[in-house]
Amino acid sequence: MKRIALEEHFMAPGFEPYWLKTVEDVEPARYAQVLARLKDFGEQRLAAMDTSGIGMAVLSLAGPGVQIEPDKAKATKLARQGNDFLATQMQKKPDRYLGFAHLAVQDAKAAADELERCVRDLKFSGAMINGHTNGQYLDHPDTYPLWERAEALGVPLYLHPADPVTPMPALDGYRGLKRATWEWTVETGTHALRIVFSGLFDRFPKAKLALGHLGETLPYQLWRFDSRAQL
């Protein structure tokens, strides 16, 4: 059975400076190797998919992308450019590549419009949101226009890990637990719980939130969440 991979990253022109902030401690040779793989949409990526039994890959920009850009207008413009770039790559291999939109959540109305353009015109499958946007989480009322549009379109918002607003003090001195090892899981799981406990899904009951990495450990805590939420 062929698999559909949901978190398959790529790099678009002009976005490397944003991505660099999450891999600044990677040694240069490995950095160059990973970057080359992210930029490849041809035989190398397809061969890796075939080896793993992946029939379709939903491609998404390597984060955090423009979600850390302080200039709203610049973020919105670059997000559109990145989505157009991905659409071009998808058109070359429509039987292998799908896409998640990259959005400048700083301007939720513009992000909603871009999501609709990507879904209706570019045939994207939804959007990937790289955690908080300059400290603002997706439970904030300012993001409601994006949730409303995603609900109307019937597409998911895939919540991808990001560095926390403030590094976790409990991990001080333990570099091996930073970021992908544990810190991102705690940050992303907490972000998802904020969305659930905020009542956002009462406001948008048909909205879809997607989590990777085995649900960021949340499925293993469902009994605890349910029991505490009733108090």
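The values are calculated or read from the model by the stated rules, or taken from the named source; none is laboratory data. For clarity, every value in this text was computed on a predicted model and none was experimentally measured. A quick note on method: Cβ atoms are made from the backbone with ideal geometry, for glycine too, and the neighbour counts reach across all protein chains shown. Only protein heavy atoms, including side chains, enter the accessible area calculation; ligands, DNA and RNA are left aside. Shrake-Rupley method; radii C 1.70, N 1.55, O 1.52, S 1.80 Å.
Tabulated data
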{"read-out": "Search result, residues across region 18-53 that are under 13 Å from G63 (Cβ atoms), part of a helix (DSSP H, G or I) and open to solvent by 50 Å² or more (accessible area, probe 1.4 Å)", "value": "L20"}
{"read-out": "Residue within region 163-177 that is surrounded by fewer than 18 Cβ atoms within 10 Å (Cβ to Cβ), modelled with pLDDT of 95 or more and under 28 Å from E116 (Cβ atoms) present", "value": "no"}
{"read-out": "Top-ranked residue in region 1-17 [being assigned to a loop (DSSP other than H, G, I, E, B) and open to solvent by 50 Å² or more (accessible area, probe 1.4 Å); ranked as nearest to S125 (Cα to Cα)]", "value": "K2"}
{"read-out": "Members of region 185-212 that are under 17 Å from the mean Cα position of the chain (by Cα) and either acidic (D, E) or at pLDDT below 95 (or both)", "value": "E187"}
{"read-out": "Hits in region 48-83 - residues which are free of Cβ contacts under 8 Å to residues at least 24 places away in the same chain and under 30 Å from R3 (Cβ atoms)", "value": "A48, D50, T51"}
{"read-out": "Of the criteria (1) within 23 Å of E8 (Cβ to Cβ); (2) surrounded by fewer than 23 Cβ atoms within 10 Å (Cβ to Cβ), which one K109 fails", "value": "(1)"}
{"read-out": "In region 60-93, the residues that are surrounded by 20 or more Cβ atoms within 10 Å (Cβ to Cβ), outside any helix (DSSP H, G or I) and out of contact with any strand residue (DSSP E or B) (no Cβ under 6 Å at 6 or more places or on another chain)", "value": "E69"}
{"read-out": "Some residue of region 133-148 being under 22 Å from G212 (Cα atoms), outside any helix (DSSP H, G or I) and of a type in the set (G, A, S)", "value": "yes"}
